[in-house]
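What follows draws every value from the coordinates through simple rules; no lab data is involved. If you're wondering where the values come from, they're calculated on a predicted model, not measured in any experiment. Methodologically, a virtual Cβ is constructed for each residue, glycine included, from the backbone with ideal geometry; neighbour enumeration extends over all protein chains shown.
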Amino acid sequence: MFAYRWRALAVIPFLSCAAHAQDIHFSQFFNTPLALTPAQIGAFDGAYRLSSVYRQQWRSVTQPFRTFGLGGDAKDAFGVRGLGAGLWLFNDRAGDSRLNTFHMSAGASYTMPLGEGHALSGGMQLGFTSLSIDRSDLRFDVQYNGYYYDPALSDGETFGRTGLFHPDLHAGVMYRYTVNKREWMQAGFALFNLTTPAIGFLGGPGEPLDRRGVFHFTSSFPIGEKTDLLPMAQFMAQGTYRELNLGGAVRFIRFDRYGARRALRLGGFYRAADAGYLYGGLEYDAWDIGISYDINVSDLVPASRYRGAWEITAVYIFGRPMLIPRFKACPEQL
């Protein structure tokens with residue numbers, strides 16, 4: 001739920017104690033492929049894919065946290081069968097300190113067929129992250145003169161920097177089994193922050209950013225003539241943090257033939273000890289559009305008043321396979 005979210009909601013992310021942070025990630029992990037795992041690069045039916053996400057949260061707690069992400073990838077890149085290539089970037093601004101995180105990475109994956117319907121993919125992403133803070137709206141206890149807050153008083157903090165930059169390296173693998181376009185499953189594991197870069201705005205050495213491990217599972221199978229069930233799960237571990245997402249959606253198919261699609265998705269998820277969220281999605285030809293809303297149920301409820309986050313995703317795929325029906329001409333007398 002957090003994007004480089006410090007325990008103090010990014011209000012003072014530069015305290016002298018060790019800073020424990022979580023990487024950016026999204027409620028709709030199933031609709032943000034290049035943020036989920038490098039193994040998802042090029043893993044789709046089509047030629048090229050564009051994906052985007054916008055998230056806003058904690059409006060009732062502090063300055064709203066806003067995150068925007070954009071990705072693009074290609075299947076069978078550079079004419080090499082099984083090779084995927086892609087670019088992913090995001091920008092996140094959080095809390096009163098306006099902690100700004102900008103990330104960009106390029107990645108590649110390779111998919112190896114393992115037999116009828118089975119495939120194994122592996123990928124890597126290499127990039128950089130830039131972080132910066134704005135101290136202008138921060139207030140500290142030592143600036144209270146006994147009667148009122150006095151901004152002219154020194155905050156007593158010594159900053160070695162207000163911005164930093166570090167390289168990133170991520171890797172992932174994924175297995176997929178496909179029976180048909182309505183019956184399939186995929187599962188994978190990814191590791192982020194393999195270089196464990198140092199993070200900190202004080203003058204001394206920063207604290208190493210913990211590696212993040214991600215297990216993900218998504219699937220689909222029909223439960224009716226025009227209805228599919230899509231169970232999904234995600235588990236993440238980073239330092240002392242653990243996060244488990246469980247849920248799924250029901251897909252109601254209006255039309256899905258000859259490359260044209262019309263389908264509606266409705267579902268719900270539970271993020272253990274943190275939030276529940278509702279999800280709605282629309283499939284319209286080459287478009288997959290999703291919207292979700294988090295309902296906070298954590299210890300932050302007195303401040304959040306159960307309000308969480310809006311998240312909107314959009315995926316567009318160029319060159320989806322089209323099945324053109326073949327008709328046999330019969331003599332007029334028949």
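Could you list the residues of the stretch 246-267 with an amide nitrogen less than 20 Å from a label point located 7 Å from the Cα of LYS226 in the Cα-to-C-beta direction?
Zone members listed by number: 249-267.
So what is the relative contact order of the stretch 103-261, in percent, for Cα pairs below 8 Å that sit 6 or more residues apart?
Details: 321 pairs, mean separation 24.5, N = 159.
Result for the stretch 103-261 is 15 percent.
Go through the stretch 266-279 residue by residue and turn each phi into a ³J(HN,Hα) via Karplus (6.51, -1.76, 1.60, θ = phi - 60°); whole Hz please, and just put x for glycine and proline.
Values per residue, Gly and Pro as x: 9, x, x, 9, 10, 9, 3, 6, 10, 6, x, 9, 9, 9 Hz.
For a quick check of your reading of the filter: which chymotrypsin sites (Phe, Trp or Tyr not before Pro) in the stretch 109-153 sit in a DSSP loop and have no more than 14 other Cβ atoms within 10 Å?
Answer in residue order: PHE140, TYR147, TYR148.
What is the local net charge at TYR48, summed over the other residues whose Cβ is closer than 11 Å to its Cβ (Lys, Arg +1; Asp, Glu -1)?
Counting the neighbours of TYR48, the net charge comes to +1.
Tell me the relative contact order for the stretch 202-305 as a rounded percent, counting alpha carbon contacts under 8 Å between residues six or more apart.
Value for the stretch 202-305: 16 percent.
Taking loop as defined by DSSP and a crowding limit of 11 other beta carbons within 10 Å, which chymotrypsin sites (Phe, Trp or Tyr not before Pro) in the stretch 248-282 fit?
The qualifying sites are TYR258.
Could you derive backbone 3J(HN,Hα) for the stretch 78-92 from the dihedral phi with the Karplus parameters 6.51, -1.76 and 1.60 (θ = phi - 60°), listing whole Hz in sequence and x where the residue is Gly or Pro?
Whole-Hz 3J(HN,Hα) from phi for the stretch 78-92: 6, x, 9, 5, x, 8, x, 9, x, 10, 10, 9, 8, 9, 10.
Can you pull out the trypsin sites (Lys or Arg not before Pro) in the stretch 24-75 that DSSP calls coil and that have at most 15 other Cβ atoms within 10 Å?
Sparse-neighbourhood loop trypsin sites (Lys or Arg not before Pro): ARG59.
Once phi is turned into ³J(HN,Hα) by the Karplus curve 6.51 cos²θ - 1.76 cosθ + 1.60 with θ = phi - 60°, what whole-Hz value does each residue of the stretch 50-57 show in order, with x for glycine and proline?
So the Karplus estimates, Gly and Pro as x, are 10, 9, 9, 8, 10, 9, 9, 8 Hz.
Taking only Cα atoms of the stretch 191-301, what ratio of Rg to Rh do you get with Rh as the Kirkwood inverse-distance radius?
Working: Rg = 19.0 Å, Rh = 16.8 Å.
Result for the stretch 191-301 is an Rg/Rh of 1.13.
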